[in-house]
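Written out below as structure tokens is the structure these notes cover.
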Amino acid sequence: MFAQQGASYWGLGGNEANRDAVFGLSNNPGVAYTGKAMGGVWGQQRFTGTPLVQGGAALALRSKGSMYGGDFSYHGTSNFSVNAAHLSLCQVISSQFSVGFSVGYTTLYQSMLNNRPTWLSGRLGASFQMNDKWDASAVIVNPWNRTYDGGMAVPAGALALGYKINPLTKGGFQYRYNAQNQPVYGIALRHEYGKRMVFNGALQTGPEPFSGGIEYKSGSAVFAFSTRYHTYLGFSPAFSLLWTKR
């Protein structure tokens, strides 16, 4: 549940299926990339002024039409935290279609408990380039788990439909379902400014209606900063540093 990674993911509304939020196969293992390797770290303070933090790392390697990845994430405080680790595989089926999956474990730590409950967690994902303008992607999260078993890896799913408005700007529609919350519908926008800067943002239903961020590219590295706004709990700033090898 908490393995979604990268500041771009948060700036684009927290939709795992969105192809522009790719982060070492950790968000949607069905989204392929063109480089030989991708890796990065990220962190977030969940709601400004609280001790609740999130962070993690991801790495993915490409061998011809196959990509192999791994990720780790942390969410919580010193007394209560959720840790997750996964291995991922993505396979390019054609120039327009790719699929993938990830599998691992999510573990709960609570200072008052002697044991550490663990749940099998992971994703099934796919991405499809329909034509020069339109693309679509989807991801199913933890489909084998039950909804209300007290676990930290609940079933969820996400869909994203992207449209290339012009060579520098891309928009899209997105949907996310979580078994314990109301569905979230939204629109996302990503705009490149020059060769180094990228702006992104999203508007959506639910308790966090607005998010936005900025990316700065320098050689093979991308630094991103973003935030999401909760109507009652305020902002959640996030950063990530992503490295790619072409």
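The values are calculated or read from the model by the stated rules, or taken from the named source; none is laboratory data. Since the structure is predicted, the reported quantities are computational estimates derived from the model, not experimental observations. Don't worry about glycine lacking a Cβ; one is built from the backbone with ideal geometry, like all the others, and counts go over all protein chains shown. Note: accessible area is taken over every heavy atom of the protein model, side chains too, but ligands, DNA and RNA are not part of it. Shrake-Rupley method; radii C 1.70, N 1.55, O 1.52, S 1.80 Å.
Restricting attention to segment 140-160, report how many residues are hydrophobic (A, V, I, L, M, F, W, C) and part of a strand (DSSP E or B).
Step one: list which residues in segment 140-160 are hydrophobic (A, V, I, L, M, F, W, C), which gives 140-141, 144, 152-154, 156, 158-160.
This time we only want the ones that are part of a strand (DSSP E or B), so: 140-141, 156, 158-160.
Here the count works out to 6.
For the structure I just gave you, tell me whether residue 126 is buried (at least 17 other Cβ atoms within 10 Å of the Cβ), assigned to a strand (DSSP E or B) and out of contact with any Cys (no Cβ under 6 Å at 6 or more places or on another chain). Quick ask: steps written out before the conclusion?
Working: buried (at least 17 other Cβ atoms within 10 Å of the Cβ): yes; assigned to a strand (DSSP E or B): yes; out of contact with any Cys (no Cβ under 6 Å at 6 or more places or on another chain): yes.
Answer is yes for this residue.
Here is a list of conditions, (1) of a type in the set (D, E, K, R); (2) in contact (Cβ under 8 Å) with a residue 40 or more places away in the chain; (3) surrounded by 16 or more Cβ atoms within 10 Å (Cβ to Cβ), and residue 217 meets all of them except one; can you say which number that is?
In the conditions (1) of a type in the set (D, E, K, R); (2) in contact (Cβ under 8 Å) with a residue 40 or more places away in the chain; (3) surrounded by 16 or more Cβ atoms within 10 Å (Cβ to Cβ), residue 217 misses (2) alone.
Filter segment 220-246 down to the residues that are among the aliphatic types (A, V, I, L, M) and open to solvent by 70 Å² or more (accessible area, probe 1.4 Å), then identify the one that is farthest from the chain's Cα centre (by Cα). It would help to see each step written out before you state the result.
Residues of segment 220-246 among the aliphatic types (A, V, I, L, M): 221-222, 224, 233, 238, 241-242.
From what's left, open to solvent by 70 Å² or more (accessible area, probe 1.4 Å): 233, 241.
Working: 233: 21, 241: 14 Å.
Among them, the one singled out is 233.
State which residue is farthest from residue 18 (Cα to Cα) when the search covers only segment 115-148 and only residues that are in contact (Cβ under 8 Å) with a residue 60 or more places away in the chain and among the hydroxyl-bearing types (Ser, Thr, Tyr). Break it down stepwise before answering.
At the first step, the residues of segment 115-148 found to be in contact (Cβ under 8 Å) with a residue 60 or more places away in the chain are 121, 123-127, 135, 137-139, 141-142.
Next, from what is left, pick out any that are among the hydroxyl-bearing types (Ser, Thr, Tyr): 121, 127, 137.
Working: 121: 20, 127: 9, 137: 7 Å.
By that ranking, first place goes to 121.
Given 120, 124, 113, which one is in contact with a strand residue (DSSP E or B) (Cβ under 9 Å, 6 or more places away or on another chain), more than 20 Å from residue 161 (Cβ to Cβ) and among the aliphatic types (A, V, I, L, M)? Step through it out loud before you land on a result.
Numbers: 124 fails: more than 20 Å from residue 161 (Cβ to Cβ); 113 fails: in contact with a strand residue (DSSP E or B) (Cβ under 9 Å, 6 or more places away or on another chain).
Exactly one residue qualifies, and that residue is 120.
Just checking: which of the strands (runs of 3 or more DSSP E) contained wholly in segment 161-246 hold 1 or more residues that are charged (D, E, K, R) and over 30 Å from residue 146 (Cα atoms)?
Once the strands (runs of 3 or more DSSP E) in segment 161-246 are filtered for at least 1 residues that are charged (D, E, K, R) and over 30 Å from residue 146 (Cα atoms), what remains is 169-178, 184-193, 210-218, 234-245.
To keep it simple, each residue is scored yes or no on (1) open to solvent by less than 10 Å² (accessible area, probe 1.4 Å); (2) over 12 Å from the mean Cα position of the chain (by Cα).
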site	(1), (2)
5	yes, no
15	yes, no
18	no, no
24	yes, no
27	yes, no
34	no, yes
45	no, yes
48	no, yes
52	no, yes
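Quick one: is residue 80 within 26 Å of residue 229 (Cα to Cα) and buried (at least 17 other Cβ atoms within 10 Å of the Cβ)? Let's see the steps before the verdict.
Details: within 26 Å of residue 229 (Cα to Cα): yes; buried (at least 17 other Cβ atoms within 10 Å of the Cβ): no.
No, not satisfied.
Grab the strands (runs of 3 or more DSSP E) fully contained in segment 1-118, keeping just those with 2 or more residues being closer than 24 Å to residue 209 by Cβ.
Passing ranges, in order: 37-45, 53-63.
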